[in-house]
1. When Phe174 is evaluated against the numbered criteria (1) assigned to a strand (DSSP E or B); (2) touching a Gly at 6+ places or on another chain (Cβ under 9 Å), which criterion, by number, is the only one it fails?
2. Taking Pro80 as the residue in question, decide whether it is in contact (Cβ under 8 Å) with a residue 24 or more places away in the chain and either assigned to a helix (DSSP H, G or I) or exposed (fewer than 11 other Cβ atoms within 10 Å of the Cβ) (or both).
3. Filter the range 129-160 down to the residues that are aromatic (Phe, Trp, Tyr) and surrounded by 12 or more Cβ atoms within 10 Å (Cβ to Cβ) and list them by number.
4. Can you find, within the range 41-58, the residue that is modelled with the highest pLDDT among those that are surrounded by 10 or more Cβ atoms within 10 Å (Cβ to Cβ) and assigned to a loop (DSSP other than H, G, I, E, B)?
5. Give me a count of the residues in the range 156-181 that are modelled with pLDDT under 95 and within 24 Å of Phe121 (Cβ to Cβ).
6. For Asp102, which of the numbered conditions (1) farther than 14 Å from Ser158 by Cβ; (2) under 27 Å from the mean Cα position of the chain (by Cα); (3) of a type outside the set (Ser, Thr, Tyr); (4) modelled with pLDDT of 95 or more fails to hold?
Amino acid sequence: MIIFTLEWKPIKTIYMGKNLFKTVALSLLSVAVLLGGYSCSDDYPDDYLTEAQIRRMIEEALRQNNEELEPKFTKWEILPYTVLEEHWEWNPDAGRYQAIYDLPELTDFIYEEGAVLGYVFIGQQGVDEVQKLLPFLFTYAETDENGNIIGTYTETISFDVQYAPNGNSTVAFFIQASDLVRADGYLVDYNFRIVLVW
């Protein structure tokens, strides 16, 4: 019986050793798969980000975007001009009234790459005033003493800008009737707005 027991023990030990080997091998394989999967994940310590990490990521992205986009942001400047009735000058060669003002804010870059917009305010401020994009055209009717229309003419209010280096640029405002007639009695004060966009 002792021989039988001696023979049986080694067989049982070998069987248990195989199970132990399988268990260790399976564990090592599982650890290798987990480590391999973790190494393929992103740089963060785990798959869940903390609120602080998310805020840091957003702040960094915004900072980078602001640095890259800053030169591309649209900028503008609004410049008001008032042309009083007595400041309009008649230009007989062009058949129009004009008033010329300095526009030192107009740079070469704005002139070449930007935009210059002009507006005129028509009507009484706070009552019936409207803002019109220049050029603004309006057709008037001429009537006789009985109120019958005997003719029409169109008035154009416009502007142009002239770039000059060293801050010597100008803006000129114009009033011109389609019949090119001088009519000082119809002149009024006008408020203009020039918008520089770049």
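1. Among (1) assigned to a strand (DSSP E or B); (2) touching a Gly at 6+ places or on another chain (Cβ under 9 Å), the lone unmet condition for Phe174 is (2).
2. So Pro80 fits the description; yes.
3. If the condition is that a residue be aromatic (Phe, Trp, Tyr) and surrounded by 12 or more Cβ atoms within 10 Å (Cβ to Cβ), then Phe136, Tyr140, Tyr153, Phe159 are the ones that fit.
4. Among those residues, the one meeting the criterion is Thr50.
5. Number satisfying all stated conditions: 2.
6. For Asp102, the failing item is (2).
The values are calculated or read from the model by the stated rules, or taken from the named source; none is laboratory data. If you're wondering where the values come from, they're calculated on a predicted model, not measured in any experiment. Don't worry about glycine lacking a Cβ; one is built from the backbone with ideal geometry, like all the others, and counts go over all protein chains shown.
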